[in-house]
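The structure appears below as structure tokens.
The values are calculated or read from the model by the stated rules, or taken from the named source; none is laboratory data. Computed from a predicted structure; not experimentally measured. For neighbour counting, all protein chains shown are included, and Cβ atoms are generated from backbone atoms with ideal geometry for every residue, glycine included. In case anyone asks, the SASA skips ligands and DNA or RNA and just uses the protein heavy atoms, side chains included. Shrake-Rupley method; radii C 1.70, N 1.55, O 1.52, S 1.80 Å.
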Amino acid sequence: MPSTLIVNARLVNEGREYDGDLRIEDGRIAQIGTGLSGRDGESVIDARGRRLLPGMIDDQVHFREPGLEYKADMATESAAAVAGGLTTFMDMPNTSPPTLDAAALEDKYRRAAGRARANYGFYLGASNDNLAAIQSLDPRTAPGVKVFMGASTGNMLVDDPVTLDAIFRDVPTPIITHCEDTPMIDAELAVYKAKYGDDIPAQFHPDIRSRQACKKSTELAISLARKHNTRLHVLHISTADELALFQAGPIEGKRITAETCIHFLRFDRDDYAKLGHLIKCNPAIKDPADREALIRAVAEDVIDVLATDHAPHTLEEKARPYTSAPSGLPLVQFALNAALELVHEGRLSTAQVVDKFAHAPAKLFDVEQRGFLREGYFADLVLIDDLPYTVQREDVLSKCGWSPFEGRTFHSRIASTWVNGVLAWDGTSLVGSPNGQRLAFAR
Ligand code: DOR
């Protein structure tokens with residue numbers, strides 16, 4: 001494999017931003033330094049004025065395979081991911097069939113091999129009756145076990161209290177949870193249905209899937225984790241109310257961590273008027289004050305991880321009335337651009353984006369040799385150019401063919417993405433053949 005030398009870049013890594021050079025050799029970061037000069041046969045890239053980051057690690061995506069390939073598949077969505085500077089994804093179990101045992105997990109790894117452009121890991125899902133599969137899970141085969149403590153797309157609600165307690169007691173990996181209290185949501189839904197029928201205006205989604213429902217369920221997850229000393233990661237925090245349940249500080253040593261998603265930082269209740277069901281997701285995008293509090297919580301290390309919850313649905317599905325329009329939005333392709341807007345706005349530093357979107361998921365899930373600019377680590381890299389970019393539908397690589405960011409202009413764009421040392425995206429096009437690898441977990 002020919003080596004590549006990137007010179008004069010602005011490297012952002014482990015809290016520092018500095019000018020330097022980085023050599024890629026045999027798929028790895030071979031050398032980081034200054035004043036490095038090209039060798040015979042080596043391609044040299046002058047990256048002056050550009051930021052060089054470790055590729056982002058998205059710990060929450062729905063790539064829909066198997067069974068829902070009409071919405072998305074591993075090839076299309078991983079293409080969108082690398083175009084967006086995301087070099088690793090961890091995929092959710094609410095597929096068809098759901099990923100409820102080791103055989104279903106291995107089936108997903110087989111499907112990804114040779115087709116995924118980014119590196120991949122797959123969660124085992126929990127149900128009311130697969131406790132034995134969770135207990136016998138080899139922790140090196142999955143980043144974690146996903147528990148839907150609130151019903152969402154796919155029918156994977158775990159609401160049997162005895163089972164839930166046993167899962168928290170016995171799980172051999174981190175537990176990741178979707179926290180929304182389903183009985184509270186059902187009660188609110190009934191009120192709105194009585195008034196509007198199936199055509200409930202989208203703006204009421206955050207009232208139906210309420211802040212109280214989020215908080216109640218998150219409190220339950222935390223109390224179970226405290227009882228059993230479980231390594232708990234609560235996904236997609238969407239309210240200011242839940243933030244007091246988490247501790248500020250570095251991720252090291254925390255047994256309970258929190259994730260938020262890019263859409264909660266970039267949209268709020270005022271956006272339903274224009275975007276309607278395109279931004280309908282679970283949990284719901286809530287108020288401007290929640291969005292502000294969540295951005296602060298990321299900056300202050302109350303929130304540990306930034307992810308996408310990339311959840312594509314077709315435009316035809318999104319055009320249905322409220323009660324049958326599915327929840328979720330496609331995000332991987334523009335999530336990093338959107339996160340870097342927070343840097344442009346002075347709310348976060350680039351180093352904080354890198355921390356939340358690359359270092360933290362690598363640490364949390366014990367990902368081997370990825371997520372950092374370190375010699376010897378896999379060369380998963382992204383180069384950022386500070387040139388404006390306006391999102392257009394024809395640029396969307398996700399199979400669903402739309403983006404909630406259409407028409408938005410970002411101040412930076414993804415100039416190049418390398419996966420395992422090989423160029424995967426050159427700023428305008430996908431390059432080469434799929435080169436993603438199965439993640440290894442150092443456990
Ligand atoms: O909005 C969502 N969409 N939330 C989820 O929990 C599931 C996801 C999906 O799979 O569509």
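Once every Cα of segment 1-160 carries one equal point scatterer and solvent is ignored, give the base-10 log of I(q)/I(0) from the Debye formula at q = 0.11 Å⁻¹, two decimals. Debye curve over Cα of segment 1-160, log10 I(q)/I(0) at q = 0.11 Å⁻¹: -0.58. Pairwise Cα distances in the chain exceed 34 Å in 27 percent of cases.
Annotation: residue 193 carries an accessible surface of approximately 90 Å², with a 1.4 Å probe and no ligand, DNA or RNA atoms counted.
Using DSSP to define loop residues, name the chymotrypsin sites (Phe, Trp or Tyr not before Pro) in segment 1-90 whose beta-carbon has at most 16 other beta-carbon atoms within 10 Å. Intermediate results must be reported in sequence, preceding the final value.
Working: sites: 18, 63, 70, 89; in loops: 63, 70.
Passing both the DSSP loop test and the Cβ count: 70.
What fraction of the DSSP beta bridges in the chain is antiparallel, stated in percent and rounded to the nearest 5?
Values: 30 of 63 bridges.
Roughly 50 percent of the beta bridges in the chain run antiparallel, per DSSP.
Ranked by solvent-accessible area (1.4 Å probe, protein heavy atoms only, all chains present), the residues 402, 425 order from largest to smallest as 425, 402. When the Cα centres of segment 378-443 and segment 102-155 are compared, how far apart do they sit, in Å? When both Cα centres are located, 25 Å separates them.
The equivalent ellipsoid that matches the C-alpha gyration tensor of segment 146-246 spans semi-axes of 27, 14, 10 angstrom, in descending order. Per-residue ellipticity at 222 nm computed for the chain from its helices equals -7500 deg cm²/dmol, with DSSP H segments shorter than 4 residues left out and the rest contributing -39,500 (n - 2.57).
Residue 1 exposes around 130 Å² of accessible area when a 1.4 Å probe is run over every protein chain in place.
The long axis of helix 288-299 is offset from the longest Cα principal axis of the chain by roughly 40 degrees. Each of residue 113 and residue 44 was given a label point 7 Å from its Cα along the Cα-to-Cβ line. The distance between the two points is 4.0 nm. Exposure here means at most 10 other Cβ atoms within 10 Å; with GluC sites (Glu not before Pro) in a DSSP loop as sites, the longest stretch of the chain lacking them is 1-251.
Annotation for segment 239-275: trypsin sites (Lys or Arg not before Pro) lying in DSSP loop with at most 15 further Cβ atoms inside 10 Å of their Cβ are 255. Using the charge dipole of segment 74-162 (Lys, Arg: +1 at Cβ; Asp, Glu: -1 at Cβ; taken about the Cα centre), state which of 81, 103, 135 has its Cα farthest towards the positive end. Checking the options against the dipole of segment 74-162, the answer is 81.
Solvent exposure of the chain amounts to 36 Å² per residue of accessible area, where only protein heavy atoms count and the probe is 1.4 Å.
Thinking of segment 320-363 as a set of Cα atoms, what percent of all their pairs are more than 16 Å apart? Roughly 53 percent, rounded to a whole number.
So what's the projected area for segment 96-152, the Cα convex hull averaged over all directions, in nm²?
Numbers: hull surface 18.1 nm².
Computed as one quarter of the Cα hull surface, the answer is 4.5 nm².
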